[in-house]
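Worksheet: the structure to be examined is printed underneath.
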Protein chains: 2
Amino acid sequence: MAPVLRLARNETGIEAVLSRLAGQFGDRFSRAAAVREQHGHTTTRIENQPPDGVVFATSTEEVAAVVRLCAEHGVPVIPFGTGTSLEGHVNAPAGGISIDLSRMDRILAVRPEDLDCTVEAGVTRKRLNETLRDTGLFFPIDPGADASIGGMAATRASGTNAVRYGTMKDAVLSLTVVTPSGDIVRTGSRARKSSAGYDLTRLMVGSEGTLGVITEITLRLHGIPEGIAGGVCPFPSIEAACETVIATIQAGIPVARIELLDALQVKAVNAYSKLDLAETPTLFIEFHGTKAGVAEQAEIFEAIAADFGGGPAVFATKAEERTRLWQARHDAYWASVALMPGWKGTSTDVCVPISQLAACVTATQDDIAETGLIAPIVGHVGDGNFHVLVLADPADDIMNAKADAFIGRLNERAIAMGGTCTGEHGVGQGKMAYLPGEHGGALDLMRAIKRALDPGNIMNPGKIVAL
Amino acid sequence: MAPVLRLARNETGIEAVLSRLAGQFGDRFSRAAAVREQHGHTTTRIENQPPDGVVFATSTEEVAAVVRLCAEHGVPVIPFGTGTSLEGHVNAPAGGISIDLSRMDRILAVRPEDLDCTVEAGVTRKRLNETLRDTGLFFPIDPGADASIGGMAATRASGTNAVRYGTMKDAVLSLTVVTPSGDIVRTGSRARKSSAGYDLTRLMVGSEGTLGVITEITLRLHGIPEGIAGGVCPFPSIEAACETVIATIQAGIPVARIELLDALQVKAVNAYSKLDLAETPTLFIEFHGTKAGVAEQAEIFEAIAADFGGGPAVFATKAEERTRLWQARHDAYWASVALMPGWKGTSTDVCVPISQLAACVTATQDDIAETGLIAPIVGHVGDGNFHVLVLADPADDIMNAKADAFIGRLNERAIAMGGTCTGEHGVGQGKMAYLPGEHGGALDLMRAIKRALDPGNIMNPGKIVAL
């Protein structure tokens, strides 16, 4: 279990806030140990640091009232969506109040002519897409989990479609945010673009609840493409797969998804999702466009893959087959964990310039082999972003120490190659130690912004800029 | 001439800095009246407020040295690129030092495999594209002027390609910035995406020199498309043209450019650029893709246009014809000014949700007619962004007062329709008055950020957050 930062608790303030919240929120406030632990829990190996109480908010005004109360007493506020973050984002190292936004789950407006919608923070991405289906529109950002839109905005999430449709930074048009003083502000208009001042929307996206609580989100939507072609393509090596990705993007093919699984990950996926793919580095690919357009894209891709010794690509002819393939891709984490029953998995991610991807992945594979770990690799390679799922026996301290050291080297390797210590998982508690190496003096600007907007340091303290 | 904010001058500090700079920079420092006036000048009706001296910097380190000196003496610093901004961005209302970055014009790296490049701030967009041509890549952002990349980043510029390729917010991967204390920081890595902390890159993009001086920019590039189809399509009304735009985008056609000219603007363009277009609302359009792909896109577009009574579209068959059409579009400002020899033109821009575009443009046309102004309209309608080129006789005070009042109503109309007071020109001095109406309490967050990063208020004071 990775060590975490411990912060001093403001016991007097916490007690005062707890008693006030109990009176105000009744059965929408909980101090039960199980509820508190669940709200500190994330899909992470970082130890649990539960909040002192959990409020289930139902409106922006309620969130503002809780934040004002906490601000008055100097008590930490930790926003909570679905608890699927990976780096300890919802832990409460100084205690405080978790604001659970899952009951703020209304879809407030869908505007097909503007290709946008406005939702409350607790709406999950799958439910949004179910609601949108009849409009011919969809919301493309798809992290593995069925995360809340608020949490996805807060962590600047992305997923398999990012190479074509961007990340939450691109998907969010505007936010309603409760500031650390409990004011309610809107960070932008519904205009597609604006030059009217500082980009508060992008500042809040990825701020992980440290600058305010995101309560409503206006999102860009996209038309469901007329034609979709998806499939898999095996390669003799990581390098061959990466060279194919680079050449495909340089050729201007607007690939919608292009995902790399290393041989061990393919093996895990075969076993878990009952597939029979060749156990070699493999690209999962998808093209969106007109029917003629996707056929043309697939043809050009196959020719490029063949140039690098890859193929033959197998395209799914039916939508169900395609769904099954992508479900298998999204289940890669569970497939990996299932490789070693009883062991725990840690999912860590880095992102490098695409020219460095093959070198970074193969150096990482060598490191895994030398360290004696079991750690499949899967990546959003169109963006140069990849995940390593490090498996370890929780009872084996030496193995866990080796895993920690390996993760440290992975992050430093990515930064040394001109990349970042996290492409999409966020900083939380787990990646703070790498920010000085990645950002240098720019980290001081982040700290100055945090101090300016949250002088009492009540918003999700102990995260991002706390080291 | 629009009134501007006047700020107190720090005469002692300015004198101290001027004498130090004269010694340090020799003939790369100027106090000549013509040079100073040119560095306060912008393509704007806002009165000239020249700086006290101009430094022609040649490196990031030199910029940092000048900023440190100015910080020490509490003297304003105004970054200058090509002077093509439209809202008084480079004026010096408290005097101070203009740092001219035009001699920082090196293209530091082009990396075709990563589809990115790094340039100094003074490189202009046209020179970048000339340099890139042999690589098969291009940089798509095209404001009317041949602006510097640093200035485009500072104002969050866009242009005709934004509907497909985004704005400077999307084009910039990372910046080198000299902070208000004279430190040199890098806002991000070359990774395509990152969740590693606050998005300093997007905070600096559009900050108009008020948070630091941008000295180097790493940009995303795109492959020159294999197929390009471009042309013009006449419509019976603004509504018909706007409905066609909405339906085209909803149909998932990845249109590269889609520009609306109202009848008066077409008349101006015909006269200035020797074209013979029908003088009716007209869309200029362009599609990028494979050869088969663009033919398919054009066909679908024509069918949609016909549904709304538009067409026939005329597609340019040769590249020269296409270039001539788009040159005419880029010359719309000069064509408008040429309508009334001796008069001055003011280019103002707003952006609304696309569903509101037809209503906003027609209400604006009615306002122009009722006010008795001559003011052609041209717009990046795929984004809901349009420009009004307000013409007025500089000797006619009543006409200029009417023009001012009209521009005020235009901005308020756009904000009331869920839009923004500027889609791409920026705030500078000219749009500050509209920010409280657009942003409400969020403006306080912008002010807090400004105070935190620039406590001495030396970076381009009197802009964006100064009201």
Pick from region A:94-115, criterion crowded, with 24+ Cβ neighbours inside 10 Å and not small (Gly, Ala, Ser), ranking: modelled with the lowest pLDDT: A:ASP114
Qualifying residue in region B:350-363 (condition: away from every other protein chain (no Cβ under 14 Å), out of contact with any Pro (no Cβ under 9 Å at 6 or more places or on another chain), in a strand (DSSP E or B) and not charged (D, E, K, R)): no
Number of positions in region A:278-294 that are among the aliphatic types (A, V, I, L, M), at pLDDT 95 or above and surrounded by fewer than 22 Cβ atoms within 10 Å (Cβ to Cβ): 1
Flag if A:GLY430 is in contact with an Asp or Glu (Cβ under 8 Å, 6 or more places away or on another chain), of a type in the set (Gly, Ala, Ser) and not assigned by TED's automatic domain parsing to the domain that holds A:PHE287: yes
Matching residues, region B:3-21, being exposed (fewer than 14 other Cβ atoms within 10 Å of the Cβ) and farther than 20 Å from B:GLY456 by Cα: B:PRO3, B:SER19
Among (1) modelled with pLDDT of 95 or more; (2) crowded, with 22+ Cβ neighbours inside 10 Å; (3) more than 8 Å from chain B (Cβ to nearest Cβ), the one test that A:GLY456 misses: (2)
Lone qualifier among A:ILE238, A:ILE300 - being among the aliphatic types (A, V, I, L, M) and either within 14 Å of chain B (Cβ to nearest Cβ) or over 23 Å from A:ILE354 (Cβ atoms) (or both): A:ILE300
Wholly within region A:201-318, strands (runs of 3 or more DSSP E) carrying at least 2 residues that are over 20 Å from B:GLY289 (Cα atoms) and among the charged types (D, E, K, R): A:213-220
Residue match in region B:375-393 (condition: in contact (Cβ under 8 Å) with a residue 12 or more places away in the chain, closer than 21 Å to B:ALA240 by Cα, surrounded by fewer than 22 Cβ atoms within 10 Å (Cβ to Cβ) and of a type in the set (Val, Ile, Thr)): no
Region A:419-467: number of residues that are at positive phi and of a type in the set (A, V, I, L, M, F, W, C): 1
Selection count where residues are within 14 Å of chain B (Cβ to nearest Cβ) and assigned to a strand (DSSP E or B), scope region A:383-407: 3
Residue check, A:THR201 out of contact with any Leu (no Cβ under 7 Å at 6 or more places or on another chain), surrounded by 24 or more Cβ atoms within 10 Å (Cβ to Cβ) and within 14 Å of chain B (Cβ to nearest Cβ): no
For B:GLY212: the one exception among (1) facing chain A (nearest Cβ under 7 Å); (2) under 23 Å from the mean Cα position of the chain (by Cα); (3) within 18 Å of B:THR118 (Cβ to Cβ): (1)
Some residue of region A:223-231 being over 26 Å from A:ALA157 (Cβ atoms) and within 13 Å of chain B (Cβ to nearest Cβ): yes
Filtered residues of region B:23-58 (kept if out of contact with any Ser or Thr (no Cβ under 6 Å at 6 or more places or on another chain), under 16 Å from B:ILE78 (Cβ atoms) and aliphatic (A, V, I, L, M)): B:VAL35, B:ILE46, B:VAL55, B:ALA57
Residues (within 12 Å of chain A (Cβ to nearest Cβ) and not in a helix (DSSP H, G or I)) located in region B:141-160: B:ILE141, B:PRO143, B:THR155, B:ARG156, B:ALA157, B:SER158, B:GLY159
Strands (runs of 3 or more DSSP E) completely within region A:61-120 that count 1 or more residues being out of contact with any Ser or Thr (no Cβ under 7 Å at 6 or more places or on another chain) and among the hydroxyl-bearing types (Ser, Thr, Tyr): A:97-100
The listed residue being touching a residue at least 60 places away in the same chain (Cβ under 8 Å), within 14 Å of another protein chain (Cβ to nearest Cβ) and within 21 Å of A:SER336 (Cβ to Cβ), out of A:ILE249, A:ILE258: A:ILE258
Residue count for region B:134-162, restricted to those that are in contact (Cβ under 8 Å) with a residue 24 or more places away in the chain, at negative phi and among the charged types (D, E, K, R): 2
Region B:420-436 - residue that is assigned to a helix (DSSP H, G or I) and farther than 16 Å from A:LEU200 by Cα and, of those, nearest to the other protein chains (Cβ to nearest Cβ): B:TYR434
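The values are calculated or read from the model by the stated rules, or taken from the named source; none is laboratory data. Quantities reported herein were computed from a predicted structural model and do not represent experimental measurements. No Cβ is skipped: glycine too gets one built from the backbone with ideal geometry, and neighbour counts run over all protein chains shown.
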